[in-house]
1. In debye, nearest 20, what is the charge dipole magnitude of the stretch 212-315 about its Cα centre with +1 on Lys and Arg Cβ and -1 on Asp and Glu Cβ, if you could check?
2. With angles folded into 0 to 90 degrees, how steeply does helix 81-97 sit against the dominant principal axis of the chain? Use alpha carbons for both and round to 10.
3. Holding the Cα-Cα limit at 30 Å, pick out from Lys172/Lys326; Lys16/Lys41; Lys62/Lys86; Lys254/Lys374; Lys138/Lys326 the pairs that are longer than that.
4. Whole-Hz ³J(HN,Hα) for each residue in the stretch 22-31, computed from phi via Karplus 6.51 cos²θ - 1.76 cosθ + 1.60 with θ = phi - 60°, x for glycine and proline: what do you get?
5. Could you give the dipole magnitude of the stretch 163-265 about its Cα centre, charging the beta-carbon of Lys and Arg +1 and that of Asp and Glu -1, in debye to the nearest 20?
6. Return the aspartates and glutamates within reach of Lys393: Cα separation strictly under 12 angstrom, same-chain partners fewer than 8 residues apart disregarded; answer none if there are no such residues.
7. Under the rule a/c < 1.5 gives rounded, and otherwise a/b versus b/c splits prolate from oblate, where does the stretch 238-314 land using the Cα gyration tensor?
8. Give me the percent of accessible area attributable to carbon and sulfur for the chain, probe 1.4 angstrom.
Amino acid sequence: MALSDVLIRTAKATDKVLKLFDGGGLFLQVTPAGGKWWRLKYRFAGKEKLISLGTYPDTSLKEARERRDAARKLLEAGVDPGEERKAVKTAAIENAANTFEAVTREWFAKFGPAMSRGHAVRVMRMFERDIFPWIGGKPIAELATQPCEVLQVLRRIEDRGAIETAHRARSKCSEVFLYAIPTGRADRDPCADLRKAIPPADEKNLAAITEPDKVGALLRAMDGYNGGLIVRCALRLAPLVFVRPGELRHAEWKDIDLEAAEWKYLVTKTKTPHIVPLSRQAVDILRELHPVTGTGRYVFPSPLSVDRPMSDNAILTALRRMGIPKDEMCGHGFRAMARTLLDEVLHFPADIIEHQLAHKVKDPLGRAYNRTTKLDDRRRMMQEWADYLDGLKTGNIRLGKVA
């Protein structure tokens with residue numbers, strides 16, 4: 001006969017295991033110690049098997065019957081309830097070990113050492129402050145299928161006005177997902193769906209000097225900078241090559257061919273090959289620096305270790321020491337300076353300028369240009385740009401050209 005709550009509650013322990021059957025393979029096992037365990041007996045593939053469905057009173061008679069019925073449905077579908085339970089438990093353990101935070105810390109352990117100390121600290125601080133509290137404990141495989149969960153995190157950052165941080169957070173989360181894919185923890189990168197979900201950063205935050213007379217004054221101030229040779233050379237080279245500040249800091253001698261007057265490297269934002277034609281002025285600066293740092297890896301090494309690039313604050317600090325306020329010029333500002341003056345004063349075609357800025361430029365058929373596209377035109381542009389800057393510095397300028 002079927003069990004009842006009264007019968008179960010009043011069942012007494014004996015010196016032997018007592019079994020009280022309910023039907024459909026479900027029974028209550030009362031141990032000599034007084035424990036009451038729900039068990040389900042069933043047959044699968046010709047073998048008799050037994051699984052636990054919980055303990056009484058934590059699992060009521062009604063809940064035990066519901067679990068029995070669910071197990072019977074699995075049997076009808078040709079699934080072993082015991083094996084299904086093991087699979088679910090294994091998946092839960094794997095999910096707990098492969099949370100977004102766990103995979104992020106694994107990714108950081110592998111790639112963090114290649115970052116500068118300051119950058120590495122900022123990256124992990126961003127994860128710990130802005131990302132882990134919300135999605136750090138969730139399985140990365142689950143997040144990979146739910147871009148909206150990641151978007152909610154980015155929206156929190158955006159809502160406090162930190163647009164650039166939101167873009168940086170999306171980029172770093174993307175790196176974690178792309179690491180998780182080949183390691184078998186995720187199937188896709190949901191951040192790829194969020195490229196247009198955050199508004200662009202306000203370009204005015206990237207302070208830049210673009211008026212020719214002020215550029216001349218800046219160049220004269222930079223020439224008069226009395227700091228160390230490495231920072232002084234980085235300052236003088238920055239406007240000539242107008243690459244991203246991080247790319248300048250991480251420049252390596254192996255990528256620079258002084259005889260061919262070329263610098264080849266991978267663009268940090270797109271991971272695509274890029275060529276910077278070097279003007280005579282740029283080559284002269286690098287030749288001046290080569291006897292000092294040329295035997296090491298980095299063109300501009302840190303004063304603390306030749307195995308690390310110089311600090312991302314080195315150029316900013318030098319600009320401040322020269323009395324140039326942060327709302328007037330920043331390290332990224334040399335790019336805006338070049339883009340503006342190459343277009344408005346030297347009148348170079350926009351596609352050549354954008355290509356040299358390592359922006360994505362497509363031909364009329366929609367195909368992305370490769371790194372050698374219009375290289376002769378870019379080489380001529382870079383030399384004219386360097387000559388123009390010399391003219392601004394000396395005041396020897398007439399109609400945008402060196403007199």
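The values are calculated or read from the model by the stated rules, or taken from the named source; none is laboratory data. Everything numeric in this text was worked out from a predicted model, so none of it was measured. When we count neighbours, we look across all protein chains shown, and the Cβ atoms used for this are built from the backbone with ideal geometry, even at glycine. Side chains included, ligands, DNA and RNA excluded: accessible areas come from the protein's heavy atoms. Shrake-Rupley method; radii C 1.70, N 1.55, O 1.52, S 1.80 Å.
1. It works out to roughly 240 debye.
2. So the helix axis and the longest Cα principal axis differ by about 30 degrees.
3. Table pairs above 30 Å Cα-Cα are Lys138/Lys326.
4. 10, x, x, x, 8, 8, 9, 9, 9, 8
5. It works out to roughly 320 debye.
6. Answer for Lys393, where 12 Å is the Cα cut-off: Asp213, Asp223, listed by chain and number.
7. The shape class here is oblate.
8. 53 percent
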